[in-house]
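Have a look at the structure below before the remarks.
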There are 2 protein chains.
Amino acid sequence: MARWQPGTAARLQAAALELFATRGYERTTATEIAQSVGLTERTFFRHFTDKREVLFHGQHLLAEALLEGARGAPSEASPLDAVARALRSAAAFFPAERRPHSRIRKTVIDENPALQERELRKLADLGTTLTDTLRARGVDDLAATVAAQTGVAVFGVAFTRWVRDGEERAFEEIAAEVYGELLAQAGSAAPVR
Amino acid sequence: MARWQPGTAARLQAAALELFATRGYERTTATEIAQSVGLTERTFFRHFTDKREVLFHGQHLLAEALLEGARGAPSEASPLDAVARALRSAAAFFPAERRPHSRIRKTVIDENPALQERELRKLADLGTTLTDTLRARGVDDLAATVAAQTGVAVFGVAFTRWVRDGEERAFEEIAAEVYGELLAQAGSAAPVR
DNA sequence: TGACTGACGTCAGTTACAGACATCACTGTA
DNA sequence: TACAGTGATGTCTGTAACTGACGTCAGTCA
């Protein structure tokens with residue numbers, strides 16, 4: 001018999017989300033989370049740098065999906081078009097089955113500013129890596145930064161709407177709507193004087 | 001004679017920035033900051049909810065300037081035009097004299113992820129209040145959100161460039177450049193299929 | 001004069017982390 | 001098959017960010 005059960009991080013994550021959802025984030029200690037799956041506080045902090053991080057583990061997979069989409073764009077595609085492709089390939093990360101889980105997670109995060117900060121940082125990190133990817137395609141600094149940041153903004157708005165109560169459309173559809181709204185607004189905007 | 005000197009928060013802020021810049025953020029304790037101006041740790045935490053917050057006090061003034069700009073836009077202006085106005089009125093907050101101070105602050109923040117998270121949150125808060133302002137002008141939810149988030153993205157990029165080493169142009173000029181780049185990219189983008 | 005307030009100090013407690021070191025099932029190698 | 005790693009864990013101990021309760025006292029105002 002194995003000395004330790006595998007998937008420690010995953011078990012901690014599941015336990016943490018459940019405890020956070022029932023008792024609230026602040027009234028749940030790292031020790032409690034660890035003990036609820038038969039581990040020690042110290043072990044918890046070996047798997048997650050932060051108490052907050054337990055809710056955000058695995059985000060790098062989303063980042064990779066996004067970047068893959070951008071990298072896969074034809075070389076003649078504009079930076080913004082590459083970003084649009086990135087958004088489409090991110091959609092695979094938000095299938096309908098995942099929505100209930102995402103909603104519980106959202107509820108927890110919405111209740112705690114510290115968790116919101118962490119989420120914003122993950123989003124911002126997405127922005128910088130996306131910028132780097134665009135630059136690697138030969139896009140100049142300003143264009144890459146603007147396209148990537150815009151893309152992250154669209155992603156953020158789309159994700160927020162996707163997890164909203166009552167929303168049933170697919171992520172891809174919502175993202176297309178948000179992106180379309182951006183193009184429409186920018187298209188009819190007054191030029192810089 | 002007054003029992004306490006006025007401007008406690010400002011003195012703590014100045015002391016904190018200096019200590020952070022010399023010793024580094026993490027190796028500076030709240031107690032040290034407080035003692036360096038003859039106060040107690042407890043008093044520090046009465047003025048700032050957080051150790052981080054000492055670097056971000058006063059941000060609400062910037063928010064008010066931004067919102068004032070958006071509110072001042074003519075009623076027939078599009079949401080994005082209102083946002084562009086908000087950006088222009090924010091420029092008053094970044095005169096050339098402020099740049100050296102902003103650069104020191106930036107150095108400190110760049111070194112610490114926790115501080116970056118706080119900065120992102122302030123930016124995000126700007127986004128939500130800007131959204132609310134636009135909605136109060138009668139703009140529908142999607143349009144307001146997209147315009148506001150886009151504006152915040154432009155602001156963020158412009159600010160980052162404004163504090164960059166070697167940069168000497170005024171904030172307003174940089175913001176106009178970034179905003180122009182966005183319009184140019186969106187103008188030539190492929191429409192959503 | 002005396003109650004009240006506001007900005008501060010003091011003290012004690014909780015908890016998020018982090019370093020150092022021990023443990024021990026498992027693994028690969030001689 | 002003996003045996004030296006290795007890696008995930010536990011234990012112990014310490015630091016610093018906060019927080020609540022309460023006391024203090026100069027200035028203010030009825």
Check: Just checking, how many residues over segment B:8-55 are within 23 Å of residue B:113 (Cβ to Cβ) and basic (Lys, Arg)?
Finding: 4
Notebook entry, point to check: Which of (1) surrounded by 16 or more Cβ atoms within 10 Å (Cβ to Cβ); (2) more than 9 Å from chain B (Cβ to nearest Cβ); (3) under 18 Å from the mean Cα position of the chain (by Cα); (4) not acidic (Asp, Glu) does residue A:154 not meet, given it meets every other one?
Noted result: (2)
Item checked: Test for residue A:87: is it within 30 Å of residue B:191 (Cβ to Cβ), more than 14 Å from DNA strand D (Cβ to nearest atom) and at pLDDT 95 or above -> yes
Next item on the list: Could you tell me which residue of segment A:164-184 is surrounded by the fewest Cβ atoms within 10 Å (Cβ to Cβ), considering only residues that are facing chain B (nearest Cβ under 8 Å) and of a type in the set (D, E, K, R)?
Entry: A:177
Next item on the list: Note down all Cβ pairs under 6 Å where the first residue falls in segment B:28-52 and is near DNA strand D (Cβ under 8 Å from one of its atoms), the second is assigned to a loop (DSSP other than H, G, I, E, B), and they're at least six residues apart or on different chains.
Entry: B:30/B:51
Check: What single numbered condition from (1) surrounded by 14 or more Cβ atoms within 10 Å (Cβ to Cβ); (2) among the aliphatic types (A, V, I, L, M); (3) away from DNA strand D (no atom under 15 Å from the Cβ) fails to hold for residue B:61?
Finding: (1)
Check: In segment B:89-123, which residues are surrounded by fewer than 19 Cβ atoms within 10 Å (Cβ to Cβ), farther than 20 Å from residue B:27 by Cα and either within 12 Å of chain A (Cβ to nearest Cβ) or β-branched (Val, Ile, Thr) (or both)?
Finding: B:122, B:123
Note to self: Looking at the structure I just gave you, is residue B:161 among the basic types (Lys, Arg) and more than 9 Å from every other protein chain (Cβ to nearest Cβ)?
What the structure shows: no
Margin query: Could you check segment A:23-42 and list, in sequence order, the residues that are surrounded by 14 or more Cβ atoms within 10 Å (Cβ to Cβ) and either aromatic (Phe, Trp, Tyr) or not in a helix (DSSP H, G or I) (or both)?
Written below: A:25, A:28, A:29, A:37, A:39
Item checked: Meets criteria (within 16 Å of DNA strand C (Cβ to nearest atom) and under 30 Å from residue A:143 (Cα atoms)) for residue A:44 -> no
Notebook entry, point to check: Looking at this structure, is residue A:187 within 8 Å of chain B (Cβ to nearest Cβ) and farther than 21 Å from residue A:66 by Cβ?
Noted result: yes
Next item on the list: Considering only segment B:124-141, state which residues are surrounded by fewer than 18 Cβ atoms within 10 Å (Cβ to Cβ) and at negative phi.
Entry: B:125, B:128, B:129, B:132, B:135, B:136, B:137, B:140, B:141
Next item on the list: Considering only segment A:70-97, state which residues are closer than 20 Å to residue A:154 by Cα, assigned to a helix (DSSP H, G or I) and not aliphatic (A, V, I, L, M).
Entry: A:71, A:79, A:81, A:85, A:88, A:89, A:93
Next item on the list: Considering only segment A:136-167, state which residues are within 22 Å of residue A:94 (Cα to Cα) and touching a residue at least 40 places away in the same chain (Cβ under 8 Å).
Entry: A:148, A:150, A:151, A:154, A:155, A:158, A:159, A:162, A:163, A:165
Margin query: Residues that are away from DNA strand C (no atom under 13 Å from the Cβ) and aliphatic (A, V, I, L, M): does segment A:30-38 have at least one?
Written below: yes
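The values are calculated or read from the model by the stated rules, or taken from the named source; none is laboratory data. None of the values given here were measured: they were computed from a predicted structure. When we count neighbours, we look across all protein chains shown, and the Cβ atoms used for this are built from the backbone with ideal geometry, even at glycine.
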